[in-house]
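Working notes, beginning with the structure itself.
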Amino acid sequence: MKILVTGGAGFIGSHLVDALVERGEEVMVIDDLSTGKHAYVNPKVQFVERDICMSAALDVMRAYKPEVIFHLAAQKSVPESLKHPAKDAAINLVGLCNILEAIPGSKLKKFIFASTGGAMYGDNAELPAVETQTAQPSSPYGISKYASERYLEVWSKLHNFQATILRPANVFGPRQDPFGEAGVIAILAKRAVEQQPMRVFGTGKHTRDYVYVADIVQAFLNALDRDVAGTFNIGSGLETSVLDIIHNLSSVVGNELLIDRQPEVVGEMQRSSLNANLAHSALHWQPAIPLQAGIQKTFEWFRSQSR
């Protein structure tokens, strides 16, 4: 099967590509390396360095004629979207539309899109949020992802391919960028490795639904294997605060971690968790890696990188 993965040099994308290669699939990766790393690209795939917003990316896709597209390339930071909404829309929405333009006349059978669950439902959502709740994104990032879902659904009907939309919770694990403003566990794990204080914004009691990267990859693989279209939350249903993460990290490190208090981030959601019952029934997916085990794996990976 010919598979195209956009963003395949990134955190989640590179793990997905590794899993596809292990299954024996033929894979092409398109990534502009703005946030991804060439070192993360599996050497057994065809790699093309392209910006999905540029017409050159369309030429590559039209020549490759994939049967399946995994679209993971994105501007992924909520704070960055609040600072630069035009950039967010250009990458997340216009970038997707550019890919959609390459589909007519292709051999595409299935399009699997990485949307967002954590930024989709808003602070007023009943938790854990279900897919049937009204989307109320409170950031440009959430808005661009929601608009992308709608574009994809319309295009799939017009051009007769199956669209599967995954709304992941907050993903964490090895290869995650610890220098940006997203990825709380990666940031704190690296600071723990370097024996730096844990930076906490506001009370530290705001919650997220954390899912280990291997579980997210399994959700993508299940979406590939099953003849199912639609929109699916991919989360644990559990709320975990930043202070909880620090407590868990302390257990891994073996000593209490110091906290550096910082002002609250304007526009940050206070609570988030996802109900993934639909993914369980339709995709046969549920998380397998407990939070504490995932935090330990993440910490150990960052420690290995520092040697």
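Within the stretch 272-292, the set of residues being of a type in the set (A, V, I, L, M) and open to solvent by less than 50 Å² (accessible area, probe 1.4 Å) comprises Leu274, Ala276, Ala279, Ala282, Leu283, Leu291. Within the bounds of the stretch 174-182, is there any residue that is surrounded by 22 or more Cβ atoms within 10 Å (Cβ to Cβ), in contact with a Lys or Arg (Cβ under 8 Å, 6 or more places away or on another chain) and of a type in the set (A, V, I, L, M)? The answer is no; no qualifying residue exists.
Take the conditions (1) of a type in the set (A, V, I, L, M); (2) within 26 Å of Cys53 (Cα to Cα); (3) open to solvent by 40 Å² or more (accessible area, probe 1.4 Å); Leu127 misses just one of them, which is (2).
Do the conditions hold for Asp18, that is, is it touching a residue at least 24 places away in the same chain (Cβ under 8 Å), farther than 16 Å from Phe220 by Cα and acidic (Asp, Glu)?
Details: touching a residue at least 24 places away in the same chain (Cβ under 8 Å): yes; farther than 16 Å from Phe220 by Cα: no; acidic (Asp, Glu): yes.
Criteria not met by Asp18.
Is it fair to say Ile295 is open to solvent by 40 Å² or more (accessible area, probe 1.4 Å) and among the β-branched types (Val, Ile, Thr)? No.
In the list Pro197, Pro263, which residue meets the criterion of being more than 30 Å from Lys109 (Cα to Cα), in contact with a Leu (Cβ under 6 Å, 6 or more places away or on another chain) and open to solvent by 20 Å² or more (accessible area, probe 1.4 Å)? If you could, list the steps in order and put the result at the bottom.
Details: Pro263 fails: in contact with a Leu (Cβ under 6 Å, 6 or more places away or on another chain).
Matching residue, one of Pro197, Pro263: Pro197.
Give the residue, chosen from Ile185, Ile165, that is under 21 Å from Leu257 (Cα atoms) and out of contact with any Gly (no Cβ under 6 Å at 6 or more places or on another chain).
Working: Ile165 fails: under 21 Å from Leu257 (Cα atoms).
Going through Ile185, Ile165 in turn, the sole match is Ile185.
The values are calculated or read from the model by the stated rules, or taken from the named source; none is laboratory data. Computed from a prediction, not measured in an experiment: that's the story for all the values here. Glycine also receives a Cβ, built like all others from the backbone with ideal geometry; neighbour counts cover every protein chain displayed. Quick note on the areas: whole protein, heavy atoms, side chains included, nothing else; ligands and nucleic acids left out. Shrake-Rupley method; radii C 1.70, N 1.55, O 1.52, S 1.80 Å.
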